[in-house]
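**Q** Below is the structure I would like to discuss, written out as structure tokens.
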Amino acid sequence: MPLVSNTLSSLQEGRRHACGTRTGTRTAADFSIDLGFTPTHIRVVNLTSRAEALHIIDSNLDGGSNAKSLLTIAAGTRTYVAAGISLDADKRGFTVDVSVASLETDNSDVYWEAWC
């Protein structure tokens, strides 16, 4: 059966992936990661508190504003809300505002990954 043209939107193929951790004794603070490529997906996980956000960059989602992420908290509740993840101005990295969804807390172990 032929594929109907309006079935898929923004088909993307992955070519790049980056990941890292933030650990140690510290006060929670906003952070930026310079990737060197424009991500289509960003995931930030606070391993200590078990909060996770998946941010998908797609002009068809969230009215094109890309301000929302799929946020999962420790109890397993998932919501589509602002989680403080945004592309940097040059679109080759991202910033996390930790005051929005506590994706980093004092002394927490944080894992991040981005891909396109």
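The values are calculated or read from the model by the stated rules, or taken from the named source; none is laboratory data. Quantities reported herein were computed from a predicted structural model and do not represent experimental measurements. Because the Cβ atoms are built from the backbone with ideal geometry, glycine has one as well, and the counts that use them run over all protein chains shown.
**Q** When the residues of region 70-116 are narrowed to those that are in contact (Cβ under 8 Å) with a residue 24 or more places away in the chain and in a helix (DSSP H, G or I), which ends up farthest from ARG15 (Cα to Cα)?
**A** SER99
**Q** Out of region 55-69, which residues are assigned to a strand (DSSP E or B) and within 20 Å of ALA18 (Cα to Cα)?
**A** Of all residues in region 55-69, those assigned to a strand (DSSP E or B) come to 55-56, 68-69.
Of everything in region 55-69, those that are assigned to a strand (DSSP E or B) and within 20 Å of ALA18 (Cα to Cα) turn out to be HIS55, ILE56, SER69.
Listed here are the residues, each with its yes/no results for (1) under 13 Å from the mean Cα position of the chain (by Cα); (2) modelled with pLDDT of 95 or more.
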{"position": "VAL4", "(1), (2)": "no, no"}
{"position": "GLN12", "(1), (2)": "no, no"}
{"position": "VAL44", "(1), (2)": "yes, yes"}
{"position": "LEU47", "(1), (2)": "no, yes"}
{"position": "LEU70", "(1), (2)": "yes, yes"}
{"position": "GLY84", "(1), (2)": "yes, yes"}
{"position": "ALA89", "(1), (2)": "no, no"}
{"position": "TRP112", "(1), (2)": "yes, yes"}
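**Q** Mind checking which residues of region 69-116 are of a type in the set (Asp, Glu), surrounded by 13 or more Cβ atoms within 10 Å (Cβ to Cβ) and more than 13 Å from ILE33 (Cα to Cα)?
**A** Passing the criteria: GLU104, ASP109.
**Q** So is LEU61 among the hydrophobic types (A, V, I, L, M, F, W, C), over 19 Å from SER102 (Cα atoms) and at pLDDT below 95 or not?
**A** It is true that LEU61 is among the hydrophobic types (A, V, I, L, M, F, W, C), over 19 Å from SER102 (Cα atoms) and at pLDDT below 95.
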